[in-house]
Amino acid sequence: MSGVAGLVLAAGGGRRYGMPKALVEYEGSLLVERAVRTARAVCDPVLVVLGARAVDVWRTADLDGATVLANRDWETGMASSLRTGLEGLRGWPGRIDAALVLLVDMPGMTPAALERLASHAAPDALAVATYDGGRGHPVLIGREHWAGVADSATGDEGARRYLAAHEVSEVDCTGLADPTDLDVPPGGVPSAP
């Protein structure tokens, strides 16, 4: 879909998981590869933000078709990755009306869910996927909101504070994707911090 960029946030260290989630293998591919493939099915361009073990991810993962951005402040939380990605999009050549923000640790995300959200793309858009009435990901952020989101993002909250202060369209994606995120290894227990 023209004018909609994909922004894959994959910089975290995966403290609870025990390793960076970008390097986690899931059903035959790395989580970061799955997220990039899903985004590429709908978005152009696709930017992926790396941080923890970024060189290992870059060398190991098939990120063909995505532009890689490095977040040097990844340890401060997801907000720094969101800022890094939005900064990358601000300087992008060509017209991008909105960014679809995806998290690396949601292997059940589908192009169908992204398409439903992308259909709401506009420079002034703010939209969030819902599943059975609860808000989740991805999140669609129109160009006019990028600076405000970047300014208000702190720690691991990302865009939450900004979205709470603005009118946001809720887009029902129930049944289109599995919104479960992988916080700990399947069947495992959280790792010690």
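What number of residues in the range 90-104 are more than 15 Å from Ala177 (Cβ to Cβ) and either without any contact (Cβ under 8 Å) to a residue 12 or more places away in the chain or not in a strand (DSSP E or B) (or both)? Step through it out loud before you land on a result.
We begin by selecting, within the range 90-104, every residue more than 15 Å from Ala177 (Cβ to Cβ); these are 90-99.
Imposing the further condition that a residue be either without any contact (Cβ under 8 Å) to a residue 12 or more places away in the chain or not in a strand (DSSP E or B) (or both) reduces the set to 90-97.
Final tally of qualifying residues: 8.
Can you pull out every residue in the range 105-124 that is among the aliphatic types (A, V, I, L, M) and either assigned to a strand (DSSP E or B) or in contact with a helix residue (DSSP H, G or I) (Cβ under 8 Å, 6 or more places away or on another chain) (or both)? Don't jump to the end; show me each part of the working.
At the first step, the residues of the range 105-124 found to be among the aliphatic types (A, V, I, L, M) are 106, 109, 112-114, 117-118, 121-122.
Of everything in the range 105-124, those that are among the aliphatic types (A, V, I, L, M) and either assigned to a strand (DSSP E or B) or in contact with a helix residue (DSSP H, G or I) (Cβ under 8 Å, 6 or more places away or on another chain) (or both) turn out to be Met106, Met109, Leu114.
Okay, residues lined up against (1) in contact with an Asp or Glu (Cβ under 7 Å, 6 or more places away or on another chain); (2) basic (Lys, Arg); (3) assigned to a helix (DSSP H, G or I):
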position: Val8; (1), (2), (3): no, no, no
position: Gly12; (1), (2), (3): no, no, no
position: Glu33; (1), (2), (3): yes, no, yes
position: Arg37; (1), (2), (3): no, yes, yes
position: Val49; (1), (2), (3): no, no, no
position: Asp56; (1), (2), (3): no, no, yes
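So which residues in the range 123-132 are loosely packed, with under 15 Cβ neighbours inside 10 Å and in contact (Cβ under 8 Å) with a residue 24 or more places away in the chain, if there are any at all?
Answer for the range 123-132, where residues must be loosely packed, with under 15 Cβ neighbours inside 10 Å and in contact (Cβ under 8 Å) with a residue 24 or more places away in the chain: Pro123, Asp132.
In the set Ala35, Ala22, Ala39, which member is within 21 Å of Gly77 (Cβ to Cβ), within 13 Å of the chain's Cα centre (by Cα), at pLDDT 95 or above and not hydroxyl-bearing (Ser, Thr, Tyr)?
Criteria check complete, one pass: Ala35.
Hey, His166 hits all of (1) in contact with a Leu (Cβ under 6 Å, 6 or more places away or on another chain); (2) under 28 Å from Arg16 (Cβ atoms); (3) of a type outside the set (Phe, Trp, Tyr) but one; which does it fall short on?
Checking His166 against (1) in contact with a Leu (Cβ under 6 Å, 6 or more places away or on another chain); (2) under 28 Å from Arg16 (Cβ atoms); (3) of a type outside the set (Phe, Trp, Tyr), the one that fails is (2).
Could you tell me how many of the residues in the range 1-59 are buried (at least 20 other Cβ atoms within 10 Å of the Cβ) and acidic (Asp, Glu)?
Of the residues in the range 1-59, 1 are buried (at least 20 other Cβ atoms within 10 Å of the Cβ) and acidic (Asp, Glu).
State whether one or more residues within the range 69-84 are over 27 Å from Glu115 (Cβ atoms), within 16 Å of the chain's Cα centre (by Cα), part of a strand (DSSP E or B) and not basic (Lys, Arg).
yes
When both residues are 6+ apart or on different chains and their Cβ atoms are under 6 Å apart, which pairs have a first residue that lies in the range 60-81 and is at positive phi and surrounded by fewer than 23 Cβ atoms within 10 Å (Cβ to Cβ), and a second that is at pLDDT below 95 and not hydroxyl-bearing (Ser, Thr, Tyr)?
As it stands, the answer is Gly77/Gly155; Gly77/Asp156, since those pairs meet every condition given.
The values are calculated or read from the model by the stated rules, or taken from the named source; none is laboratory data. Because the structure is predicted, anything quoted here is derived from the model rather than measured. All Cβ positions, even for glycine, are placed from backbone atoms using ideal geometry, and neighbour counts span all protein chains on display.
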